[in-house]
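Quick note: the coordinates plus some simple rules give every number you see, no bench work behind them. Predicted model, so just to flag it, every value in this text is computed and none were measured. Cβ: placed from backbone, ideal geometry, glycine included. Neighbour counts: every protein chain shown.
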Amino acid sequence: MLNIKKIFRNKATKSNHDEFDLSRFKNTERFLNEIGGLSRFTSIFFRELFRPPYEYKEFLKQSYNIGLSTLPLIGITGFIMGLVLTLQSRPVMTEFGAESWLPGMVSVSIIREIGPVITALICAGKIGSGIGAELGSMRVTEQIDAMEVSGTNPMKYLVVTRVIASTIMIPILVLYSDAVSLLGSYIAVNMHGFISLPLFINQAFDSLHYFDLVPATIKTFFFGFAIGIIGCYKGYFSGNGTEGVGRAANSAVVISSLAIFIIDLIAVQLSEIFHVFTM
Amino acid sequence: MIEQKENINNNSFNNGEVVIEIGHLKKSFNGNNVLKDINMIVNEGENVVILGKSGIGKSVLIKCIVGLIYPDSGLLKVFGKEVVVMNSRELNILRTRVGFIFQGNALYDSMTVRENLEFPLRRNKTITDPHVIEGLIVDVLENVGLVDAIDKMPSELSGGMKKRIGVARTLILKPEIILYDEPTTGLDPLTSREISNLILKIQNKYKASSIIISHDLNCAKITSNRMLILHEGIMRAEGTFDELKNSNDEWISSYFKID
């Protein structure tokens, strides 16, 4: 009896193991297909980017939509980010007698890392899902096909304009978010003492170097590009029905958030290497 | 059962120029052969209605004609030119001559009716004068009886109104061929009749040739000069509405039993 149980247990384990392997293979295949599809989509984007006619009006409309509509959200989160980071860091800094370093520490943290990454993640949630859902619903309701049969290249009109707008507007949003975060930090510092605004700015920027600002700004262009292209890709090829639109919006956020962390990791490594070579 | 015919010899459009020519067209999706061997022609000024069950490939066929879907093999000529080998420029030129009315209307929901109608005109850059564009929009809206809806958003329109605006958007480029994908689906009988009459009016006014995909026998009766029945990937029957309705073939007449 015991042996039979053992045999069944072994069989069951073997069978589960086989299924597991198969599903893992399918997931790998799906993942590779997705990477291939996105790469091809990106290559078509670059081909259409340099080919006239250029859709200036649609680009400006999308820049306005992406930039201005996200400004209040970025402003509020940026302000809270600076305020909270300063309030949380203050007790430790005070304990070490380094309270005067607070503006410098906060500015380096925000401008080098927290500002760009948090802002890009918020944009992935708002802009990436918006683009994914918009293009997804256009695909489902055949608006993209209608555009094509009316002699308009939807890749150029819908995709190129949105990706470029996102690539340009997200660095601007990050700079705005950094500025508002420092304002939040200034208010937090003044909650427990007094420091004038010129002195705060002086201390904050004294700690910053060229190598803090430039790589942090350059990587935001890549964040913006990733959010735009992934949102467009998921929306453009969304499945049928409302479920497909929902899935497109959802996966646009998930994949672009993951892409932001990967780009950040690569950017940090590259800037470190570059920093070592130029020292 | 009537065998598939490649030559049409029973309608008054025989002497007209052939605008669409399809021969041995095949299309499959993931191993599923949707279109197995399609042969048909459309003459100048003729309304051809294609009947067939849902999901049988009727929409796929007309999407092939405008290059939205590429067939696997076969001949597909529009205005005497092979669609499959056209480059994007040639395809865009073709698409200004072939209008497509989508089943779900496909109105741009972020644009007003005016902007929806302006869009194809501005994109093709045929006319740039705003006064001429405005005149064309009003004219085409008068044709579909919806001038009052010019500044409305698509979400403010009823199903029938959306269908008419979809027709107006196609008509604004004055196409020589119009492809209707189930123009009366989802509409009440009265509105369906109005849309069917509108199709007939367009045929008379614009002298356009049309392919009308439909399940609606009343629409087919009003609009068709010739009808084709698509079944299992081939055109199984062909004739005028009355010929098919009065056919001795049980399978064909079964399509008309609900009428």
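Pairs from the table (A:Lys57/B:Lys205; B:Lys36/B:Lys207; A:Lys26/A:Lys234; B:Lys77/B:Lys207; A:Lys26/B:Lys53) lying more than 28 angstrom apart at Cα are A:Lys57/B:Lys205; B:Lys36/B:Lys207; A:Lys26/B:Lys53.
Descending by average beta-carbon neighbour count within 10 Å, the peptides A:242-249, B:160-167 line up as B:160-167, A:242-249, the highest first. Peptide A:101-111 has a mean shielding of 0, counted as Cβ atoms of other protein chains within 10 Å of each residue's Cβ. Using only alpha carbons, the protein assembly as shown has a radius of gyration to Kirkwood radius ratio (Rg to Rh) of 1.11. With R₀ set to 25 Å, the beta-carbon distance separating A:Gln269 from A:Trp101 gives a calculated FRET efficiency near 0.40. If R0 is taken as 41 Å, the Cβ-Cβ distance between A:Val254 and B:Gln103 corresponds to a FRET efficiency of 0.80. 3J(HN,Hα) along segment A:200-206: 4, 5, 4, 5, 5, 7, 5 Hz, from the Karplus curve 6.51 cos²θ - 1.76 cosθ + 1.60 with θ = phi - 60°, whole Hz, x for Gly and Pro.
Computed from phi, the 3J(HN,Hα) profile of segment A:75-89 under the Karplus parametrisation 6.51, -1.76, 1.60 (θ = phi - 60°) reads x, 5, 5, x, 4, 5, 4, x, 5, 5, 4, 5, 5, 6, 7 Hz, with x in place of Gly and Pro.
Listed by chain and number, the aspartates and glutamates placed with their C-alpha closer than 14 angstrom to that of B:Lys201 are B:Glu46, B:Glu142; residues fewer than eight positions away on the same chain are left out.
Contact order for segment B:18-256, expressed relative to its length and based on alpha carbon pairs under 8 Å spaced 6+ residues apart, stands at 27 percent. Inter-chain Cβ neighbour count for B:61-71, averaged per residue, equals 1 (cutoff 10 Å, partner chain atoms only). Could you please report the charge total around B:Ser28, scoring K, R as +1 and D, E as -1 over all other residues with beta-carbon less than 14 angstrom from its beta-carbon? Value of the local net charge: 0. Full extension of the chain between A:Glu29 and A:His192 yields a length gain of 53.0 nm, computed as 0.36 nm times the residue separation minus the alpha carbon distance. Spatially, segment A:227-243 and segment A:50-113 are offset by 28 Å when compared through their Cα centroids. Over chain B, DSSP H runs of length four or greater, each weighted -39,500 (n - 2.57), average out per residue to a 222 nm ellipticity of -10500 deg cm²/dmol.
Expressed to the nearest 5 percent, the antiparallel share of DSSP beta bridges inside chain B is 55 percent. Qualifying GluC sites (Glu not before Pro) in segment B:179-259, where qualification requires a DSSP coil assignment and no more than 16 other C-beta atoms within 10 Å, comprise B:Glu232.
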